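Nothing in this text is a laboratory measurement; each read-out follows from the coordinates by a stated rule. None of these values were measured; they are calculated from a predicted model. Neighbour counts run over all protein chains shown; Cβ positions are idealised from the backbone, glycine included.
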Amino acid sequence: MHPCPAHTHALHSTVTETPVITTTGLTKVYRSRGREITALDGVDLHVREGEVYGVIGQSGAGKSSLIRCVNLLERPTSGTVTVAGQDLTALAGRGPRAGKELRKARSHIGMVFQHFNLLSSRTVQDNVELPLEILGKSGKERSRKALELLDLVGLADRANAYPAQLSGGQKQRVGIARALAGDPKVLLSDEATSALDPETTRSILHLLRDLNRRLGLTVLLITHEMDVVKTVCDSAALMENGRVVESGTVGELLATPGSELASALFPVSGDASSEERTVIDVTFQGDAATRPVISQLSRTYNIDISILGAAMDTVGGLQVGRMRIELPGRYEDNVVPIGFLREQGLQLELVGPAAQASASAKEGAK
């Protein structure tokens, strides 16, 4: 599989601090039968160049409205959307009635849909060529580009097949190739894997990550599946009731005490065996995930440590783990061991009575 020649300069791209997608105060209100439904309620989002950014939330959280507002398939009720330095909300038209400038801006934004949206009467190659036809490219140029893109997504041998002859995963690969036809800077993925089985989902996610790295693509994907965020995302935002309630890099979120996303990514459970015990959630990242820190703690302070729960996985190429441990004695008895864990560069979150005792100690120290 080879990158398209037009994109080879971006093979070694990395995430930069430059935002490629920015939404500011984004609001979307739908009116239905005399009622107003607020789908987006003041959403601020900053997606940096070269990253895979996941927006996660339950059905009705506003994810689909957000991604449709990013490419102005839906026009926001208020707020602004800026993509690659251009304020799309300042351009005329919406949806299929978009003005010339908006159509041109949208040609640099690829879109991958949940249900593929392929034309059944066209071959795989013809489906990929469709955006190039709309852009007015010559037949020879369309053919060359489509075959390059099919090679890129691993379907060079299915160019003359029809959608009905493909598996779900292959159809989505065609959809991704079609989305790349206009050499977009940004790729939007609208629940692109939710109709696929787990193994196919993993292969599509790895393809998106590969394209992100090969082509320097900035990818914004929406999903309700936490494994999608865990597998490919550099950053993530959690949406609830039309608002972003948490956002940041995955590393930052995992290091944030009380983060709902961190708890959902790496759920651990277990209750203290008595009130005379201290329960702590410990998050390991990178090198810390492979060091025997817990056994060092046990030996150094001669204490028995119970492991109540643990979860470990690879996130964005970085090994990450969370562990819920129980120490003998109350919080006040464990200040030194807790300090030892913090000195090892671990993120700690006290659970239950220990959290209350810690908060009381900090308040008393003021």
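Evaluate the distance, in nm, between pseudo-label points positioned 7 Å from the Cα of T24 and of E252 along their respective Cα→Cβ axes.
1.8 nm
For region 266-365, what size does the Cα cloud have along each of its three principal axes, sorted from largest down, in whole Å?
The Cα atoms of region 266-365 stretch 41, 28, 27 Å along the principal axes, largest first.
Quick check on the exposure proxy: order M111, M312 from fewest to most C-beta atoms within 10 angstrom.
Ranking M111, M312 by Cβ neighbours within 10 Å, fewest first, gives M312, M111.
Once R0 is set to 45 Å, what does the formula 1/(1 + (r/R0)^6) return for the Cβ-Cβ distance between A90 and I305, expressed as a FRET efficiency to the nearest 0.05?
Working: r = 59 Å, r/R0 = 1.30.
Rounded to the nearest 0.05, the efficiency is 0.15.
For the pairs K145/K171; K171/K230; K28/K230; K28/K137; K185/K230, flag any whose C-alpha to C-alpha distance is greater than 26 Å.
K28/K230; K28/K137
Alpha carbon centre of region 223-249 versus region 25-92: separation in Å?
Region 223-249 and region 25-92 have Cα centres separated by 15 Å.
Which residues does a label at S263 reach in region 276-295, if reach means a backbone N under 18 Å from a point 7 Å past the Cα toward the Cβ?
Counting backbone N atoms under 18 Å from the label point, the list is 279-284.
Give me the extension gain from A161 to A195: residue separation times 0.36 nm, minus the current Cα-Cα distance, reported in nm with one decimal.
Going from the current span to full extension adds 10.1 nm.
Leaving out same-chain residues fewer than 8 places away, which aspartates and glutamates sit with a Cα under 18 Å from that of K104?
Leaving aside aspartates and glutamates fewer than 8 places away in the same chain, those within reach of K104 are E74, D87, E129, E133, D183.
Normalised by the number of residues in region 266-365, what is the relative contact order in percent for Cα pairs under 8 Å and 6+ residues apart?
39 percent
On a 0 to 90° scale, report how tilted helix 139-152 is relative to the longest principal axis of the chain, with both axes built from alpha carbons and the result rounded to the nearest 10.
Helix 139-152 sits at roughly 20 degrees to that axis.
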